[in-house]
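Notes follow once the structure below has been shown.
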Amino acid sequence: MARALKVFRTPIGFHDAYVAAPSQKAALTAWGADANLFARGAAELVTDPKLTKEPLARPGEVIKRARASFAEHFASLDKVKPEPGKRAPNGSKSKKLTKSQPPRPRPSRKALDEAESAVSEGREAAKAAMAVLEMRQADLLAEIENLRQQQESVAQRLHERVERERRKYEAALDRWRAS
């Protein structure tokens, strides 16, 4: 007898991933999770009928639903600004530039320019090598065509010889039979 399906949810980026599965292990497999998201509190059982309807209609399939509209996500970015003197979300203190602090110098672009130059030189060298190979290819194709024409000429002459010798043989055979 098949086990009853339950609906599980885990957040993925700006979406929630729902799956109808018989167990937490089956849900983790459907999500492709390497760790137990349930033990970490990153996944949960869903019982709301509105949220379970679509996953139960397609068992084992991961259903993604946006948690909010794009506008709501974008609007929430303005609300999450660290206050001066308080800790920023990454744990560092937010820094305010004062008039006594000179602005930091712009990073050097020298290494990037050298790398871009190396790429350009590599492309030019590859183009030159390709041009040499294409010329060799054209020469080989011409040589192949020349050999093909020579072979056809030789084959034609040999075929004509075979026909001449066949006529001679058949004539000699006819004379032999007649005598």
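Derivation of every value follows stated rules applied to the coordinates shown; laboratory data play no part. The shown structure was predicted, so the numbers you read here are calculated from the model rather than taken from an experiment. As a convention, Cβ positions derive from the backbone with ideal geometry for all residues, glycine included, and neighbour counts pool all protein chains shown.
Compute the distance in nm between two label points, each set 7 Å from the Cα along the Cα-to-Cβ direction, one at Lys50 and one at Val132.
7.1 nm
Amide H to amide H, which residues 5 or more places from His15 or on other chains are under 5 Å from it, using H placed in the peptide plane?
It is Arg67, by chain and number.
Taking a quarter of the surface of the Cα convex hull of the stretch 118-179, what do you get in nm²?
4.9 nm²
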